[in-house]
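The values are calculated or read from the model by the stated rules, or taken from the named source; none is laboratory data. Because the structure is predicted, anything quoted here is derived from the model rather than measured. Because the Cβ atoms are built from the backbone with ideal geometry, glycine has one as well, and the counts that use them run over all protein chains shown.
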Amino acid sequence: MAAPTGWARGISQVPCSAGEDQGMKIRTFDFEKHYDSVIALWQASGPGVRISPSDSPDSIRHKLERDPDLFLVAEEAGALVGAVLGGYDGRRGMVYHLAVRQAEWHHGVGRRLLQELEARLRAKGCIKYYLLVTVDNSQAIAFYEHLGMEVMDLHVMGKVIG
């Protein structure tokens, strides 16, 4: 049965592909150990990841008070190769930032980070999550569609209140 439009489907069921580095470890983000490396990764990720005041040290510490287990990093040989920042408000999940070091693209790092995040969201009772992709980021859109996500026909609106 096909998932309804806009639902993320079955990512955690995708097995590791041949050739993926099994030495990669997915870990929960540790502020003291990972913050500087994650910010550097996000900054090097180009226009697909937009750094904002919400990514400041104080804002990330505040986010970690709510659901620290939804901020994950991928490490290989002790080096950070990817990170995903997720959230859950009790109703819907959200993927805020996903970035993978460019040298690690097409090695399953992003998929494996999303697999683990999805499993953790599901364990909290989350049945649906969203992520935002800029309309001109065709590479990211193709990546997420390959994992079963669908473009939703919505307008995203926001307002800075602080």
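Numerical summary
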| read-out | value |
| --- | --- |
| Filter result (aliphatic (A, V, I, L, M) and within 14 Å of the chain's Cα centre (by Cα)) within segment 40-50 | 41, 49 |
| Residue check for residue 104: closer than 23 Å to residue 26 by Cβ, acidic (Asp, Glu) and either without any contact (Cβ under 8 Å) to a residue 40 or more places away in the chain or surrounded by fewer than 13 Cβ atoms within 10 Å (Cβ to Cβ) (or both) | yes |
| Residue 99 of a type in the set (A, V, I, L, M) and not in a strand (DSSP E or B) | no |
| Answer residue from segment 6-40, given it is touching a helix residue (DSSP H, G or I) at 6+ places or on another chain (Cβ under 6 Å) and at pLDDT below 50 and is surrounded by the fewest Cβ atoms within 10 Å (Cβ to Cβ) among those | 12 |
| Complete set of residues in segment 120-132 that are part of a helix (DSSP H, G or I) and either loosely packed, with under 13 Cβ neighbours inside 10 Å or modelled with pLDDT under 95 (or both) | 123 |
| Extreme residue, modelled with the lowest pLDDT, among residues of segment 41-50 that are surrounded by 13 or more Cβ atoms within 10 Å (Cβ to Cβ) and among the small types (Gly, Ala, Ser) | 48 |
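Every residue, every condition in (1) surrounded by 14 or more Cβ atoms within 10 Å (Cβ to Cβ); (2) in contact (Cβ under 8 Å) with a residue 60 or more places away in the chain; (3) in a loop (DSSP other than H, G, I, E, B), yes or no:
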position: 134; (1), (2), (3): no, yes, yes
position: 141; (1), (2), (3): yes, no, no
position: 144; (1), (2), (3): yes, no, no
position: 150; (1), (2), (3): yes, yes, yes
position: 158; (1), (2), (3): no, no, yes
